[in-house]
Amino acid sequence: MTGGTDGDRPRVAVFRPDDDRLAAARARLDELGAEAVGDPMLAVEPTGETPRDADYAVFTSKTGAELVAAAGWEPGRATVVAIGPKTAEALEAAGYAVDLVPEEFSSTGLVDLLADRAADATVEVARSDHGSPVLLDGLRAAGADVHETVLYRLIRPEGAGESAALAAAGDLDAACFTSSLTVEHFLDAAAERGIRDAAVAGLNAAVVGVIGEPTRETAAGKGIDVDVVPDEATFEALARETVARLRGR
């Protein structure tokens with residue numbers, strides 16, 4: 001390990017939004033015996049938009065579920081689809097019945113789930129401004145009439161970059177990236193501080209875990225070596241497998 005503050009408690013950077021998700025990430029890493037470096041790389045900027053009427057309404061995040069609930073969205077005839085259990089829980093907590101959840105919690109999993117069902121149907125995809133094109137392209141290829149509603153924009157919070165400084169100094173043991181955008185924002189924050197190359201070198205001396213193949217591809221394309229891609233696309237699996245890889249070094 002490169003730089004934990006106290007012996008066997010490695011420093012692990014997490015980039016989740018500064019809300020209950022970051023608090024949960026901190027708590028989980030603490031349970032795993034690691035020190036979480038909370039460095040939010042995403043902040044939510046709502047657009048005020050709500051999903052259109054459709055045969056299927058697809059939600060890809062807990063944030064999107066909370067925003068439509070706050071706006072009083074009514075599903076009407078729509079079959080409500082959630083990308084995974086956290087999104088489903090948020091929808092159900094707001095009083096919506098969730099009809100479908102894919103086996104694989106990803107855009108590809110949603111396409112596999114809906115390809116046969118949604119042919120010739122209208123599909124409303126409600127998500128952030130940085131959603132993967134895989135979902136829209138896959139559903140359209142399956143014959144669905146797809147519309148995307150951007151519920152919120154994901155921006156980089158002012159002052160983000162503590163983890164980049166630690167990585168550049170060799171004081172970071174691991175990093176858990178949860179999306180391609182967290183990778184891009186990390187590198188942007190490092191570049192603003194004039195330490196991009198050093199931060200990448202620091203990551204490559206540490207353990208880098210990512211959720212999903214798209215995030216791995218983004219990181220690799222930026223020169224970052226990825227060590228962990230859990231089969232289960234959840235932060236729980238990401239944290240557990242990243243810390244296990246650290247312990248195995």
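The values are calculated or read from the model by the stated rules, or taken from the named source; none is laboratory data. All values reported here derive from a predicted model rather than from experimental measurement. Cβ atoms come from the backbone with ideal geometry, glycine included; neighbour counts cover every protein chain shown. All accessible areas refer to the heavy atoms of the entire protein, side chains included, with ligands and DNA or RNA removed. Shrake-Rupley method; radii C 1.70, N 1.55, O 1.52, S 1.80 Å.
So what is the accessible area of the stretch 112-234 per residue, in Å², with the probe set to 1.4 Å?
So the stretch 112-234 comes to 42 Å² accessible per residue, rounded to a whole number.
Output the relative contact order of the chain, whole-number percent, from Cα pairs under 8 angstrom with separation of 6+ residues.
20 percent
For the stretch 125-224, report the translational diffusion coefficient in µm²/s to the nearest whole number, using Stokes-Einstein at 25 °C, 0.890 mPa s, and a Kirkwood Rh over Cα pairs.
D = 165 µm²/s.
Test of understanding: express the Cα radius of gyration of the stretch 45-193 as a ratio to 2.2 N^0.38 Å, with N the residue count.
Cα-based Rg divided by the globular estimate yields 1.18.
Going by average Cβ neighbours within 10 Å, how do the peptides 119-131, 202-214 rank, with the highest at the top?
Packing order, densest peptide first, comes out as 202-214, 119-131.
Per residue of the stretch 116-132, in order, report the coupling 6.51 cos²θ - 1.76 cosθ + 1.60 (Karplus, θ = phi - 60°) as ³J(HN,Hα) in whole Hz, putting x for Gly and Pro.
7, 5, 9, 4, 6, 9, 8, 10, 9, 9, 10, 6, 7, 7, 10, x, 5
By how many nm would the segment from A244 to K222 lengthen if fully extended, with 0.36 nm per residue of separation less the alpha-carbon distance?
5.4 nm
Out of residues 5 or more away from E148 or on other chains, whose amide H comes under 5 Å of its own, with H placed 1.01 Å from N in the peptide plane?
So E148 has HN proximity to V125.
In nm, what is the difference between 0.36 nm times the number of residues separating E45 and A205 and their Cα-Cα distance?
Roughly 54.2 nm would be gained on extension.
Please list, in order, the residues from the stretch 82-96 whose amide nitrogen is less than 14 Å from a point placed 7 Å along the Cα→Cβ vector of D112.
Correct set: 84.
Pulled fully out, how much extra length does the chain show between A94 and E232, if you take 0.36 nm times their separation in residues and subtract their Cα-Cα distance?
Additional length available on full extension: 47.1 nm.
About its Cα centre, what dipole magnitude does the stretch 134-249 give when the only charges are +1 on Lys and Arg Cβ and -1 on Asp and Glu Cβ, stated in debye to the nearest 20?
Taking the Cα centre of the stretch 134-249 as origin, the dipole is about 200 debye.
Could you work out the Rg to Rh ratio of the chain, with Rh taken as the Kirkwood radius (inverse of the mean 1/r over all Cα pairs)?
Radius of gyration over Kirkwood radius for the chain works out to 1.00.
State the three equivalent ellipsoid semi-axes of the stretch 210-249, derived from the C-alpha gyration tensor as the square roots of 5 times its eigenvalues, in descending order and whole Å.
That gives 18, 13, 6 Å for the three semi-axes.
Tell me, what is the FRET efficiency for E103 and R9 to the nearest 0.05, using R0 = 51 angstrom and their Cβ-Cβ distance as r?
0.90
Please list 3J(HN,Hα) in residue order for the stretch 209-221, calculated via the Karplus relation 6.51 cos²θ - 1.76 cosθ + 1.60 where θ = phi - 60°; whole Hz, with x for glycine and proline.
x, 9, 8, x, 5, x, 5, 4, 5, 4, 4, 4, x
Convex hull over the alpha-carbon atoms of the stretch 1-74: what's its volume per residue in Å³?
Normalising the Cα hull of the stretch 1-74 by residue number yields 114 Å³.
What is the dipole size for the chain, taken about its Cα centre, with +1 at each Lys and Arg Cβ and -1 at each Asp and Glu Cβ, in debye to the nearest 20?
Its charge dipole is roughly 500 debye.
On the accessible surface of the chain, probed at 1.4 Å, how many percent belong to carbon and sulfur atoms?
With neighbouring chains kept in place, the figure for the chain is 45 percent.
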